[in-house]
Amino acid sequence: MFRIMYYQPCIPPNTGNAIRIAANTGCELHLIEPLGFTMTDTQVKRAGLDYHEMANVTVHPDLETAWDRLRPERVFALSSHATRFYTDVEYRAGDVLMFGPEPTGLPDEVMADPHVTDQLRIPMLPDRRSMNLANATSVVLYEAWRQHGFDGAV
């Protein structure tokens, strides 16, 4: 239904957790290289538990290849610097939810990419830098899925 995109992720357990999120929601997970680990990394496997076979995960060599393959209509880039809240969007099937690596987030050139439809933020208390990547993914993804009545869930 939705597409999660991690741009150059560098922390293996976060990607492992994202694999579980994708498996449990039916979303696609797209990883943009270079990765800060290998997909056979023990920490990725441990965090993903036995969900690897249930998840739809694609590793792309670069962002342009991902755009060519996905041909997205809408891409929402998540950033602590954005001004619009993730709850202000009416999500559609096929939307891409793009997250940057910890601890830097998405670089300016990715935020300015013409494929990016909008920049969104998750509200936090002042003087807080960011949320854990997998947690942030869950927050936004479950809002999008909630708007669709948790289609397909039990």
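The values are calculated or read from the model by the stated rules, or taken from the named source; none is laboratory data. Small disclaimer: the values here were computed from a predicted structure and weren't measured. Cβ sites come from the backbone with ideal geometry, for glycine too, and all protein chains shown count toward neighbours. Remember, those area values only see protein heavy atoms, side chains included, never the ligands or the DNA or RNA. Shrake-Rupley method; radii C 1.70, N 1.55, O 1.52, S 1.80 Å.
Given the options P103, Q119, V59, identify the residue whose Cα lies farthest towards the positive end of the charge dipole of the chain (+1 on Cβ of Lys, Arg; -1 on Cβ of Asp, Glu).
Among P103, Q119, V59, the one farthest towards the positive end of the dipole of the chain is P103.
Using only alpha carbon pairs under 8 Å that are at least six residues apart, calculate the relative contact order of the chain and give it in whole percent.
Averaging sequence separation for qualifying contacts and normalising by length gives 27 percent for the chain.
In terms of modelled amide H atoms, which long-range or inter-chain residues lie less than 5 Å from the amide H of R74?
Amide H to amide H, under 5 Å and 5 or more residues apart or across chains, R74 pairs with V96.
Show me the ranking of peptides 74-84, 133-143, 7-17, 101-111 by mean Cβ neighbours inside 10 Å, starting with the highest.
Going from most to least packed, we get 7-17, 133-143, 74-84, 101-111.
Given a 1.4 Å probe and every protein chain left where it sits, what share in percent of the accessible area of the chain is carbon and sulfur?
Reported share for carbon and sulfur atoms: 48 percent.
Would you list the P(r) distribution for the stretch 3-148, with all Cα-Cα distances sorted into 10 Å bins from 0 and each bin expressed as a whole %?
12, 46, 36, 6
Check N56: other-chain or 5+ apart residues with amide H under 5 Å from its amide H, H built from backbone geometry?
Sorted by chain and number, the residues that satisfy this are L29.
Return the FRET efficiency for the residue pair T117, E53: r is the Cβ-Cβ distance, R0 is 22 Å, and the value is rounded to the nearest 0.05.
0.10
Can you give me the distance in nm between label points at T65 and L125, each placed 7 Å from the Cα along the Cα-to-Cβ direction?
A separation of 4.3 nm, rounded to one decimal place.
Show me, for the stretch 83-97, the HN-Hα J-couplings you get by feeding each phi into the Karplus relation (A = 6.51, B = -1.76, C = 1.60, θ = phi - 60°), rounded to Hz, glycine and proline as x.
Listing the rounded values in order: 10, 9, 7, 4, 7, 8, 10, 9, 6, 10, 4, x, 4, 9, 10 Hz.
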